Amino acid sequence: LPEGRILIARSENTIVGYVTFLYPDPLERWSEGKMKDLIELGAIEIIPKYRGGGVGKSLLRLSMQDDYFEDFIVITTEYYWHWDLKGTGLNVWEYRKIMEKMMQAGGLEYFATDDPEISSHPANCLMARIGSRVPPSSVQQFDQLRFMNRYMY
């Protein structure tokens, strides 16, 4: 994909983790605004042997050092059903805390939304980072996407 980015972490010749960025899926709310300056953290995965060592945080910190991201609102939608609860033995709240800390390392912070998938479980969340060169009109459009149902009763 033209906008796609992937960063990997490796140990010698073995990829131990990666993070991807791409435009939101056309079937999701976040693509409805057709915003050219909104990009999604599509995935971040670290192999079990390297989890807990800061690989994910390092990938996110390194990603956000790229000046490219100053022109974008970077979002991540965190759904508990994507998390490796069985493999880690953590409950949803423990795992969410880890995900929040990792995303915060990349400058992403919690944003409220009425998105039905995110609202379907209290552990799910939307996190985002607004680049320094994102115009106020894009921030306003992002806010409208976050709260599309605000006037429904």
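The values are calculated or read from the model by the stated rules, or taken from the named source; none is laboratory data. This is a predicted model, so every value here is computed, not measured. Heads up: the accessible areas ignore ligands, DNA and RNA and are worked out on the full protein's heavy atoms, side chains in. Shrake-Rupley method; radii C 1.70, N 1.55, O 1.52, S 1.80 Å.
What does the accessible area per residue of the chain come to in Å², with a 1.4 Å probe and no ligands, DNA or RNA counted?
58 Å²
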Roughly how many Å² of Tyr110 are accessible to a 1.4 Å probe, to the nearest 10?
-> 130 Å²
Does anyone have the angle between helix 55-64 and the longest principal axis of the chain? Alpha-carbon axes, 0 to 90°, nearest 10?
-> 40 degrees
Distant alpha-carbon pairs in the chain (separation over 18 angstrom), percent = 59 percent
With every protein chain in place, the chain: carbon and sulfur % of accessible area (1.4 Å) | 53 percent
P(r) tail fraction, the stretch 10-92 - alpha-carbon pairs more than 14 Å apart, % | 70 percent
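Once you keep just the Cα pairs under 8 angstrom separated by 6 or more residues, what percentage relative contact order results for the chain?
On the way: 228 pairs, mean separation 34.0, N = 153.
Across the chain, relative contact order equals 22 percent.
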Compactness summary of the stretch 76-153: radius of gyration and Dmax from Cα atoms, Å, are 14.2, 43
With a Cα-only, solvent-free Debye model of the stretch 36-83, what are the log10 I(q)/I(0) values at q = 0.21, 0.23, 0.27 Å⁻¹?
-> -0.87, -0.97, -1.12
Can you send over the solvent-accessible area of Ser31, 1.4 Å probe, protein chains only, in Å² to the nearest 10?
-> 30 Å²
